[in-house]
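So the structure is just underneath, and the comments pick up after that.
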Amino acid sequence: MTGENYGFRDAHFAKQIVQKIKNLTVKNDKVKICHVCGTHEWTITHYGLRSLLPPEIEVIAGPGCPVCVVPAAEIDQALQLAQRGISITCFGDVLRVPGSESSLLDAKANGADVRIVYAVSDAIEMARREPKKQFAFFAVGFETTAPSTAIETLENPPKNFSFLASHRLIPPAMEMLLSVEDLKVNGFIAPGHVSAIIGLKPYEVFPKKYKMPTVIAGFEPNDVLMSIYMLIQQVSQNKAQLENEYTRVVKPEGNPKALEAMTRAFEVSAGNWRGMGKLEKSALLLKEKYANFDARIKFDIQNSEGKDIPQNCQCHRVIIGKIKPDQCPMFLKTCTPAKPIGACMVSNEGTCRVWAKTVNQ
Ligand code: SF4
């Protein structure tokens, strides 16, 4: 996890950015920067970017893994569907995420029809090929995957197909972090891919209302280093602005077509996040007129309390950046990528798994 050798493209440029960061850093003046993206955590950890920064600058990982934040109660709902003989289709990452008592992988091992797909359209194609079976797509993810759920909903999927929608929105989670006692974030790195969809407007609240410097960043090591530099610059000048480091991809207006599809298909609602509780205006549910494609309504699925965090697992603290994965006593002891206990060790975007994979390299 050390980046001393700058083992990535444009190392010369990276050294210059790091030097600029060092020049702006005031000795013993701590600055805590929070990102909310599994891919950012991978870049930071894989390239050892934390080790390049002065000790005053801490970069923490917030709730950026779409699979990790799915509450156990919603995994339980997918399991209810599977138990009733409905074919569950989902992305591979979802399979091992623990529900209250078991996962979709356990259900599959016990004979349920659970199939991995790479796109929603694959799941719809399966439903068309097998019209006598009922299919449900477990639609998980942030603003990056929600548009494809929206578009397929609007295109009138077959009658034997429905969605178990579990999409979540990133800005409300960032807002929630600002209320966490003792976290004391000084700046946000906002995720480039989410921003490519939603544009700049949803982040305006952070500098305006919370006086929080916020920089949208891409995923190359130099994107992340540059965003840190931009944040440190704001902090050193006592400014709070929204800046876009990832201009080559993120447009101020985002992706209007994707946003329009989302507005037509979804209503924004309160939603539970694993280990974080209920956040207002943070979940996307299908609008009433698409109830025929809403698996919860179509199959009268019951909601349960859900048990998000297994005994001794610290995911609820890792997800909000309160602790680092290696501060969990089970990290790489009883909880490993091969045998994950908590949701943060399941997906390649989970902070514990990113750390575990890097340690094991
Ligand atoms: S190491 Fe495992 S048990 Fe510990 S917080 Fe991470 S996922 Fe949970």
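The values are calculated or read from the model by the stated rules, or taken from the named source; none is laboratory data. What you see is a predicted model, and the numbers here were worked out from it, not measured in a lab. Glycine gets a Cβ as well: all are built from the backbone with ideal geometry, and neighbour counts include every protein chain shown.
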Among the residues of the range 64-86, is any closer than 26 Å to Tyr118 by Cβ and part of a strand (DSSP E or B)? no
Of the residues in the range 230-259 that are within 29 Å of Thr25 (Cα to Cα) and of a type in the set (Asp, Glu), the one that is surrounded by the most Cβ atoms within 10 Å (Cβ to Cβ) is Glu245
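From the set of residues in the range 294-317 that are within 12 Å of the ligand (Cβ to nearest atom) and in contact (Cβ under 8 Å) with a residue 60 or more places away in the chain, which is farthest from Gly271 (Cα to Cα)?
Pro310
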From Ile216, Ile198, residue being touching a residue at least 40 places away in the same chain (Cβ under 8 Å) and crowded, with 22+ Cβ neighbours inside 10 Å: Ile198
Taking the conditions exactly as written (of a type outside the set (Asp, Glu) and either surrounded by 22 or more Cβ atoms within 10 Å (Cβ to Cβ) or in a helix (DSSP H, G or I) (or both)), does Ala112 satisfy them or not? no
When Val346 is evaluated against the numbered criteria (1) of a type in the set (A, V, I, L, M, F, W, C); (2) within 20 Å of Leu105 (Cβ to Cβ); (3) surrounded by fewer than 23 Cβ atoms within 10 Å (Cβ to Cβ); (4) near the ligand (Cβ under 10 Å from one of its atoms), which criterion, by number, is the only one it fails? (3)
List the pairs whose first member sits in the range 263-274 and is acidic (Asp, Glu), whose second member is in a strand (DSSP E or B) and surrounded by fewer than 22 Cβ atoms within 10 Å (Cβ to Cβ), and whose Cβ atoms are under 6 Å apart, counting only residues at least 6 apart or on separate chains? Glu267/Leu285
Of the residues that sit in the range 25-47 and are modelled with pLDDT of 95 or more and either in a helix (DSSP H, G or I) or on the phi > 0 side of the Ramachandran plot (or both), which one is surrounded by the fewest Cβ atoms within 10 Å (Cβ to Cβ)? Thr39
Looking at the range 324-343, which of its residues are surrounded by fewer than 24 Cβ atoms within 10 Å (Cβ to Cβ), near the ligand (Cβ under 8 Å from one of its atoms) and of a type in the set (A, V, I, L, M)? Met330, Leu332, Ile341
Residue, surrounded by the most Cβ atoms within 10 Å (Cβ to Cβ), within the range 313-323, restricted to residues that are touching a Gly at 6+ places or on another chain (Cβ under 9 Å) and not aliphatic (A, V, I, L, M): Cys315
With the requirement that a residue be within 20 Å of the chain's Cα centre (by Cα) and surrounded by fewer than 18 Cβ atoms within 10 Å (Cβ to Cβ), what does the range 349-361 give you? Lys357, Thr358
Output the residues belonging to the range 314-335 that are in a loop (DSSP other than H, G, I, E, B) and under 18 Å from Lys184 (Cβ atoms). Ile319, Ile320, Gly321, Lys322, Ile323, Lys324
Look at the range 157-177 and say how many of its residues are farther than 13 Å from Leu279 by Cα and either at pLDDT below 95 or assigned to a loop (DSSP other than H, G, I, E, B) (or both). 4
Restricting the search to the range 69-101, which residues are more than 21 Å from Phe299 (Cα to Cα) and either out of contact with any strand residue (DSSP E or B) (no Cβ under 9 Å at 6 or more places or on another chain) or surrounded by fewer than 16 Cβ atoms within 10 Å (Cβ to Cβ) (or both)? Gly92, Arg96, Pro98, Glu101
Checking the structure you have, find out if any residue of the range 243-255 is assigned to a loop (DSSP other than H, G, I, E, B), out of contact with any helix residue (DSSP H, G or I) (no Cβ under 9 Å at 6 or more places or on another chain) and either farther than 19 Å from Phe163 by Cβ or among the acidic types (Asp, Glu) (or both). yes
